[in-house]
Each structure stands twice: as structure tokens, then as C-alpha cells.
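Before any comments, here is the structure.
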Amino acid sequence: MGKKSLIIFIGLIAVVLSVLFFFFLQKNAQIPIAKKDNKIAQPRLIPGSCKILPEEFCSRGERVVSVSNGKNYTYVGFHLPPGTPLFSLIDGLLLKAVEGGNPYSGFLAQVRDDTQSHGYAFRGDIAFDNMLQRNVKAGDKIANIGNSGVTNLGGYNFIFTINTPGPVTDEEMMRTLFRMK
């Protein structure tokens, strides 16, 4: 084997190793790959059994009762890390508002369906991509927990409630979703 053949052989080995290394990185690094429509594939975020948070946070909620004008209002309070995604429980219209004052501060997100039979309120340190109203489907990501330091009732950075007209808290549905007593 001549000097020239040895250089070609080493070059071929280098090319083969480079190709194998590229495929190894592609498979194990989870690099987003462009689809046919040239959009980047993103990992799918999936709500857990409580339907509004990833599963690891569903059981961390605590029952919070607030009294206003002689009426009891029940919430589920959470201490969640910044960036935790929030998901819509139902198909409906996502409404967003800024809240400032006692007992609520930060942002309010409500999802309402056409029947108006239930209202789903997300309150606290919530970060939205924008403040535009939009239609959402059950399981759609609607926001993330923010990092502003906002807290509400009991020092929670996120509180959630389900109301029926009146407004009356649907405590049975909240107990079922969050496995509360």
C-alpha cells in the first residue's frame, strides 16, 4: 500500500466516522428537524390528569378559601417554578386581563365556552406571549408561570378556580381534578 493509498484510506475512515457521529448527534441530541412545511418540530407539551398543568404539578395544589362580601370562594393554590406551562381545560375563548389590588394581583386568564356554564380562572404570576383574546382547544398551552414575584392568597404564585353561574365554586370538579379532600 503506497503513501497515496494510505492517505485515501484514512480520509475514507474520517468521512465514515463523521457521518456516523452526525447521525448519533441527530438521534440523541433531540435537535428539532424541519418538517415538509419548513416549520420546526417542537416537543409536545402534555397536560397531566388535572388537565391544566404537567402531571408532576397536579397533586401540589392546596385548597384556599377566600371570603368576600360574606361569600366563600374556593381556589386551588400552587407554588410553581417559573416556566411551568398552563393548559386550557376546555374549548373556548381565552380572555386575559391585568389585575392589581387585594386580594388578586398579576394576571387573570379566563376560558369560557359557548354555554357559559363554567368559568375557569387562572390568576397570579402568569406570562403570556401576548394579550390578545383567542379561541383555544382543551389541552392547548395558554401561558407559563412567570418570574415577577407576584403572589396572591396565601403567598401562592398561581391560583385556579372553576365557577358556575352565580358565581359559585364547583368544588366537586376541583376535588376530582386535583385529588383534594
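Quick look at the values:
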item	result
Count - residues of the range 98-137 that are of a type in the set (Gly, Ala, Ser) and touching a Lys or Arg at 6+ places or on another chain (Cβ under 7 Å)	3
Test for Asp113: is it within 15 Å of the chain's Cα centre (by Cα) and more than 25 Å from Ser59 (Cα to Cα)	no
Residues of the range 115-131 classified as at pLDDT below 85 and assigned to a loop (DSSP other than H, G, I, E, B), total	7
Residue count for the range 69-84, restricted to those that are over 12 Å from the mean Cα position of the chain (by Cα) and in contact (Cβ under 8 Å) with a residue 24 or more places away in the chain	8
Entirely in the range 1-114, the strands (runs of 3 or more DSSP E) that have 3 or more residues that are open to solvent by less than 70 Å² (accessible area, probe 1.4 Å), at pLDDT 80 or above and within 23 Å of Leu132 (Cβ to Cβ)	85-87, 92-99, 106-112
Any hit, the range 169-181, residues being part of a loop (DSSP other than H, G, I, E, B), open to solvent by 50 Å² or more (accessible area, probe 1.4 Å), touching a residue at least 60 places away in the same chain (Cβ under 8 Å) and of a type in the set (A, V, I, L, M)	no
Test set (1) touching a His at 6+ places or on another chain (Cβ under 7 Å); (2) outside any strand (DSSP E or B); (3) not charged (D, E, K, R) - Ile162 fails condition number	(2)
Scope the range 140-167; condition open to solvent by less than 20 Å² (accessible area, probe 1.4 Å) and under 13 Å from Ser88 (Cβ atoms); matching residues	Ile142, Ala143, Phe160, Ile162
Tally, over the range 120-140, of residues that are farther than 14 Å from Leu53 by Cα and of a type outside the set (D, E, K, R)	9
Subset of the range 108-122 [touching a residue at least 40 places away in the same chain (Cβ under 8 Å) and either under 22 Å from Val65 (Cβ atoms) or basic (Lys, Arg) (or both)]	His118, Gly119, Tyr120, Ala121, Phe122
Total residues in the range 122-138, condition open to solvent by 20 Å² or more (accessible area, probe 1.4 Å) and farther than 13 Å from Tyr104 by Cβ	11
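The values are calculated or read from the model by the stated rules, or taken from the named source; none is laboratory data. Everything numeric in this text was worked out from a predicted model, so none of it was measured. Glycine also receives a Cβ, built like all others from the backbone with ideal geometry; neighbour counts cover every protein chain displayed. Ligands, DNA and RNA are excluded from the accessible area calculation, which covers all protein heavy atoms including side chains. Shrake-Rupley method; radii C 1.70, N 1.55, O 1.52, S 1.80 Å.
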